[in-house]
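Asker: Here it is, the structure, as structure tokens.
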Amino acid sequence: MSDTPSVRMENASFSYPGGKAGVFDITLDIAPGELIVCIGPSGCGKTTLLKLIAGFLPCTAGRVRLGGEDVTGASVRARQCGIVFQSYALFPHMSVWENVAYPLRVRDIALVERRRRAEAMLDMVGLGGYGERLPAALSGGQQQRVALARALVFKPRALLLDEPLSALDAATRITMRDEVRRIQKQQNIASLLITHDQDEALSLADRIAVLRDGRLVQVAPPQELYDRPADAFVASFVGRANLIDGTVAAPDAVDTPLGRIATPAHSLPVGAAVRLLVRPEKIQPAAAPDGENVFAATVLHDRFFGASREIELAVGQGMLKIDTTTREVIAHVHVPRQAVQFLPTH
């Protein structure tokens, strides 16, 4: 990927009437060929952020640049972004190839050329030979491919996708994740995808941007985001998490409702209030009742998923969530010292 971002937001803000909702002081770069997936709770500003890049909403502060050009005051059309919305918005009376070619038609591209480019784009998305069909004759996944082809046919500066897979059934969604990723990389286009689906974000993204109350909380590659969340909000929002409040008891131990937990060495003062993170998959069933960070446990809830189980356990005066593949009865659990992370308490 190039060092020069295709998309750059510089301290960009937008406030809806009343001033409480919107996005605030957003700085974000998207490099050529990079796919950033934006996640966050409903109402956090994900779609607003996308609309600021596309030009559907004006910045009340800050700037938007595309390919190095300041487009803060430019129209939607002048920004030249390819956009795919949740509804796909295909014209029902137009054939598939005419739908794909529509952006070329409004740009006064000659009929023969727009037909050629539309058919080439349909081949790329795996719909060669479907050009004469009407959208109603296609499945949801096929319609999504048509919408993606239409967004890319005019060689946009950036690709913006707002919940593009949410209307599909679960199996088709998984297939289309791979297709979106393949096509996006093949086109080497800077892309922003909005989703509520964390699995989608973790499996698709080069980097994930987490929004909360209109502000960026953390932007990082998926593994870094999961393994080293910036705070308790990110830790609990991305994946399952055990967040454990406690008090420092020693340079390598914390007193918690579960009991005393041995931790990696730290420099926090004794008596300091801390919050610990332990991911459920790192907690192990224990065969024996003794050992470091081994706790007696009582099963509260046991959800069986075939290859794995998600179990909630009463431990001491607290509770732990674990993810495990064991089929055995669990009476004790082991929390490995190195699985314990300290989170900021602010």
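Asker: Taking the chain as the reference, fit the longest principal axis to its C-alpha atoms, fit the long axis of helix 96-105 to the helix C-alpha atoms, and give the angle between the two in degrees, 0 to 90, nearest 10.
Answerer: Approximately 70 degrees, to the nearest 10.
Asker: A follow-up question, please. Where a Cα-Cα gap under 16 Å defines reach, which lysines qualify for LYS282, not counting those fewer than 8 residues away within the same chain?
Answerer: LYS321
Asker: Zone of ALA262 (label point 7 Å along Cα→Cβ, backbone N under 11 Å): which residues in the range 274-293?
Answerer: Residues 291-293 fall inside that zone.
Asker: Then there's this: Near GLY131, within a Cβ-to-Cβ distance under 13 Å, what is the net charge of the other residues, with Lys and Arg +1 and Asp and Glu -1?
Answerer: Around GLY131, the charge tally is +3.
Asker: How much of the accessible area of the chain, probe 1.4 Å, is carbon plus sulfur, in whole percent?
Answerer: 51
Asker: Classify the range 73-207 as rounded, prolate or oblate, taking a ≥ b ≥ c as the square roots of the eigenvalues of its Cα gyration tensor: rounded when a/c is under 1.5, otherwise prolate if a/b is larger than b/c and oblate if not.
Answerer: Oblate.
Asker: On a 0 to 90° scale, report how tilted helix 140-152 is relative to the longest principal axis of the chain, with both axes built from alpha carbons and the result rounded to the nearest 10.
Answerer: Helix 140-152 and the main axis of the chain meet at about 70 degrees.
Asker: Let me ask something else about it. So what's the back-of-envelope 222 nm ellipticity for the chain, counting only DSSP H runs of four-plus at -39500 (n - 2.57) apiece and dividing by all residues, rounded to 500?
Answerer: The helix contribution divided over the chain gives -7500 deg cm²/dmol.
Asker: Let me ask you something else. Give me the extension gain from GLU224 to GLN86: residue separation times 0.36 nm, minus the current Cα-Cα distance, reported in nm with one decimal.
Answerer: Gain on stretching GLU224 to GLN86: 46.8 nm.
Asker: How much of ASP290 can a 1.4 Å solvent probe reach, expressed as accessible area in Å² and rounded to 10?
Answerer: About 110 Å², ignoring ligands and nucleic acids.
Asker: Label THR298 and ARG77 with points 7 Å out from Cα along Cα→Cβ: what is the distance between them in nm?
Answerer: Taking the simple label geometry, THR298 and ARG77 are separated by 7.0 nm.
Asker: Separate question: Roughly how many Å² is the accessible area per residue of the range 30-87, as a whole number, for a 1.4 Å probe?
Answerer: Solvent-accessible surface per residue comes out at 37 Å².
Asker: For the range 203-346, what does the accessible surface come to per residue with a 1.4 Å probe? Please give it in Å².
Answerer: The answer is 49 Å² per residue.
Asker: Specify whether the C-alpha gyration tensor of the range 109-168 places it in the rounded, prolate or oblate class, a ≥ b ≥ c being the square roots of the eigenvalues: rounded for a/c under 1.5, otherwise prolate if a/b is larger than b/c and oblate if not.
Answerer: Because a/c hits 1.5 or more and a/b fails to exceed b/c, the range 109-168 counts as oblate.
Asker: Counting only other residues whose beta carbon sits under 12 Å from that of ARG303, what net charge do I get with K and R as +1, D and E as -1?
Answerer: Net charge around ARG303: -1.
Asker: Treating cross-link reach as a plain straight distance, find the lysines whose alpha-carbon is under 18 Å from the alpha-carbon of LYS20, omitting any fewer than eight places away in the same chain.
Answerer: Within reach: LYS46, LYS51.
Asker: Under a 1.4 angstrom probe, counting protein chains only, how are TYR16, TYR130 ranked by accessible area, largest first?
Answerer: TYR16, TYR130
The values are calculated or read from the model by the stated rules, or taken from the named source; none is laboratory data. If you're wondering where the values come from, they're calculated on a predicted model, not measured in any experiment. Positions of Cβ are generated from backbone atoms using ideal geometry, with glycine treated the same way; all protein chains shown enter the neighbour counts. Protein only, heavy atoms only, side chains kept; ligands, DNA and RNA dropped before computing areas. Shrake-Rupley method; radii C 1.70, N 1.55, O 1.52, S 1.80 Å.
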